[in-house]
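Scroll down for the structure; my scribbles are underneath it.
The values are calculated or read from the model by the stated rules, or taken from the named source; none is laboratory data. Treat the numbers as computed from the prediction; the structure is a model and nothing was measured. All Cβ positions, even for glycine, are placed from backbone atoms using ideal geometry, and neighbour counts span all protein chains on display.
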Amino acid sequence: MNRYLFIAQRLSAMILAPLVIIHLGLILYAVSDGLSGAEILSRTHGSWAWASFYFAFVLSVAVHAPIGIRNILKEWTSMNQAIINGFCLLFGLMLLLLGIRAVTSVV
């Protein structure tokens with residue numbers, strides 16, 4: 001199981017790295033042009049390209065972050081492994097659901 005989690009975290013990191021760079025670049029571009037939140041939303045509204053981009057972002061985060069939290073809790077606490085796994089599973093589902101909700105409300 002740990003081998004698969006290791007691979008999943010590394011693959012999600014490979015996906016996240018360029019997405020984070022693009023996301024931060026877009027933020028810098030929007031801020032330098034003085035775009036308001038409403039102007040940004042008007043540009044992204046109805047765009048399937050942006051929806052796909054941010055769905056990939058959300059999915060990658062929902063895989064990557066809980067695995068990292070799981071490893072930290074496993075190494076730094078004496079919590080039961082089943083509790084750690086359950087907490088991290090719920091945390092990942094929460095990230096996924098909240099992320100999907102955010103993307104669908106913006107796009």
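Tabulated data for the structure shown
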| item | result |
| --- | --- |
| Verdict on ILE69 being touching a residue at least 40 places away in the same chain (Cβ under 8 Å), more than 20 Å from ILE27 (Cβ to Cβ) and aliphatic (A, V, I, L, M) | no |
| Complete set of residues in segment 73-107 that are surrounded by 11 or more Cβ atoms within 10 Å (Cβ to Cβ) and over 30 Å from GLY37 (Cα atoms) | LEU73, LYS74, MET79, ILE83, ILE84, ASN85, GLY86, PHE87, CYS88, LEU89, LEU90 |
| Residue list for segment 46-67, filter: surrounded by 15 or more Cβ atoms within 10 Å (Cβ to Cβ), closer than 12 Å to THR104 by Cα and polar (S, T, N, Q) | none |
| Selection status of TYR4, in a helix (DSSP H, G or I), farther than 26 Å from GLY92 by Cα and either more than 12 Å from the chain's Cα centre (by Cα) or hydroxyl-bearing (Ser, Thr, Tyr) (or both) | no |
| Residue satisfying condition, being modelled with pLDDT under 95 and part of a helix (DSSP H, G or I), within set ALA82, ALA56, ALA30, ALA13 | ALA30 |
| Test: residue in segment 49-62 that is in contact (Cβ under 8 Å) with a residue 60 or more places away in the chain and under 30 Å from PHE6 (Cβ atoms) | no |
| Which listed residue, of ARG70, ARG43, is surrounded by 11 or more Cβ atoms within 10 Å (Cβ to Cβ), among the basic types (Lys, Arg) and modelled with pLDDT of 95 or more | ARG70 |
| GLY34 in contact (Cβ under 8 Å) with a residue 24 or more places away in the chain and on the phi > 0 side of the Ramachandran plot | no |
| Per-region count, segment 60-107, residues within 29 Å of ARG43 (Cα to Cα) and charged (D, E, K, R) | 1 |
